[in-house]
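Student: Sharing a structure below in structure tokens format, with a few things to ask.
The values are calculated or read from the model by the stated rules, or taken from the named source; none is laboratory data. Note that the coordinates shown come from a computational prediction; the quantities given were computed from them, not determined experimentally. All Cβ positions, even for glycine, are placed from backbone atoms using ideal geometry, and neighbour counts span all protein chains on display. Surface accessibility is based on the protein's heavy atoms, side chains included, excluding ligands, DNA and RNA. Shrake-Rupley method; radii C 1.70, N 1.55, O 1.52, S 1.80 Å.
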Amino acid sequence: MGQIPRETIEQILDSTDIVELIGSYLQLTRAGSNHKALCPFHIEKSPSFNVNPHTQRYKCFGCQVSGDAIEFVKEYENLPFNDAVRKLADQAGIQIVEDVFDAKEEARRKSRAKIQRLQIEAAKFFNMLLFKKDFAQPARDYLKARGLGMDVSRSWQFGYAPENQSIFFQWAEAEGFPVPLLVEGGLAAWRDEYNPNRGAYARFRHRLMFPVNNDFGDTIAFSGRVLDKDQKGGKYVNSPETPLFDKSKTFYGFDKTKRPILREKKAIVMEGQLDLIAAYESGIENVTAAMGTAFTAQHAQLLKRHTDEAILCFDSDTAGVAAATKAFRVLAPTGMLVRIALVPPGEDPDSLIRKHGPASLEDILNEAPEFFDFQIDRRGSLLTTGPLRDRLNFAKELAFDIALVDDKMVQDSLINRISVRLKVGEEDIRRQVSNAKRDQIRAEKSKIRRENMV
Ligand SMILES: [Zn+2]
């Protein structure tokens with residue numbers, strides 16, 4: 001990727017009004033020739049965040065942050081510098097011509113732009129069908145049964161993909177989206193990938209459609225949920241990987257929830273997107289969910305860029321506990337503090353909120369124990385009454401997870417706490433932790449070796 005020329009950056013700053021820009025994010029009030037707001041970068045009760053229309057800069061007299069329009073977007077949206085520049089360039093209608101022209105990069109950019117437009121238009125189309133067509137009644141019934149009103153459907157841009165795929169293909173043709181583009185964008189698939197002449201079929205049929213957005217709120221992919229119990233295919237079908245979409249680093253709803261996560265300084269990780277929507281709409285906005293897949297190391301990195309604390313809000317069945325443990329093992333190496341909040345048996349966050357209100361979920365979240373306390377509590381009966389051998393075995397299990405924690409001091413305090421609670425010698429646990437660490441490093445090395453051989 002080429003460098004964005006200095007003149008372009010200046011041109012973008014010249015055509016952006018910082019008062020208007022920041023006013024689109026924050027409640028600004030006039031104070032003399034300046035504008036003031038509550039600072040978004042620290043918590044305060046009276047506004048010390050100033051925006052100066054003459055210098056076109058902001059400064060907070062509370063926490064001392066300052067900068068220009070690009071700096072603001074970069075910090076507030078938590079974007080890399082070039083992305084912040086691009087976002088402002090788009091708003092100002094300025095085309096960025098990079099210093100080094102790269103034909104390949106240019107072709108890739110053009111193809112991405114086409115796929116991008118396809119996703120945005122398809123989201124509008126599915127949304128229109130949901131609202132306007134008789135045949136979308138099952139989708140509307142489903143939403144109603146889940147207590148999701150039309151205002152929620154509008155704000156999350158839910159849609160309906162019709163059973164009859166010719167409706168979809170006719171729309172695409174009328175909009176000028178050729179079939180190969182539909183395939184490239186993941187909305188259709190070839191019947192025979194070695195022989196496109198055999199035609200394509202629509203990937204999403206008779207499904208409730210959830211658009212998946214990038215950080216700017218533009219749709220980049222879809223997740224489609226079944227509406228009939230005996231319907232073919234998985235409960236959720238997601239778009240395949242495309243030049244825009246990689247599910248191993250995408251959080252559903254992150255364009256809406258990332259600012260609340262920054263503000264609350266913690267992220268509540270949900271298992272499903274409907275749980276996430278229910279929580280968000282009930283006022284618990286700092287939520288996130290992977291897309292029907294395991295939590296990956298890339299997810300952990302992305303989350304860590306926004307907060308240091310994660311609360312894993314999962315089902316209390318065996319599968320939920322196993323998923324929480326897996327997610328902990330991915331998050332711990334980033335240095336994040338991980339808490340576990342299990343909803344009561346037979347419930348999920350969505351049903352809990354519907355039956356008992358958001359306060360019931362908030363209570364569970366507020367009392368969520370740290371991962372290790374959770375593990376010890378769960379096996380409580382072993383602690384004092386169980387045979388020593390069982391306690392030692394359990395300590396060994398925990399040692400594996402302690403070894404993943406990327407902070408020596410935290411490790412030491414964990415070893416101490418577990419030694420007291422399990423009545424097992426500190427030295428025994430310490431030795432098991434260093435054994436586990438050694439095994440983990442060895443496993444990591446051989447994994448890298450295997451990957452290099454491929
Ligand atoms: Zn401040």
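Student: If I filter the range 20-29 for residues that are away from the ligand (no atom under 16 Å from the Cβ), open to solvent by less than 70 Å² (accessible area, probe 1.4 Å) and either in the same structural domain as ASN214 (by TED's automatic domain parsing) or touching a Leu at 6+ places or on another chain (Cβ under 9 Å) (or both), do I get at least one hit?
Tutor: The answer is yes; a qualifying residue exists.
Student: To continue, here is another question. Residues to consider are ASP406, ASP350; find the one that is touching a residue at least 60 places away in the same chain (Cβ under 8 Å) and open to solvent by less than 20 Å² (accessible area, probe 1.4 Å).
Tutor: Going through ASP406, ASP350 in turn, the sole match is ASP350.
Student: For the range 123-170, how many residues are exposed (fewer than 13 other Cβ atoms within 10 Å of the Cβ) and closer than 16 Å to ALA202 by Cα?
Tutor: Total meeting the criteria: 3.
Student: Would you please list the contacts, defined by Cβ atoms under 8 Å and residues six or more apart or on different chains, that run from a residue in the range 425-454 that is on the phi > 0 side of the Ramachandran plot and free of Cβ contacts under 8 Å to residues at least 60 places away in the same chain to a residue that is of a type in the set (Ser, Thr, Tyr) and open to solvent by 100 Å² or more (accessible area, probe 1.4 Å)?
Tutor: Partner pairs satisfying both residue conditions: none exist.
Student: Now a separate question. Identify, from the list ALA84, ALA37, ALA107, the residue that is more than 16 Å from the ligand (Cβ to nearest atom), within 25 Å of THR257 (Cα to Cα) and outside the structural domain of HIS306 (by TED's automatic domain parsing).
Tutor: Checking each option against the conditions leaves just ALA84.
Student: Could you check, for the range 48-66, whether at least one of its residues is within 14 Å of the ligand (Cβ to nearest atom), at pLDDT below 90, crowded, with 16+ Cβ neighbours inside 10 Å and hydrophobic (A, V, I, L, M, F, W, C)?
Tutor: Scanning the range 48-66, I find no residue that is within 14 Å of the ligand (Cβ to nearest atom), at pLDDT below 90, crowded, with 16+ Cβ neighbours inside 10 Å and hydrophobic (A, V, I, L, M, F, W, C), so the answer is no.
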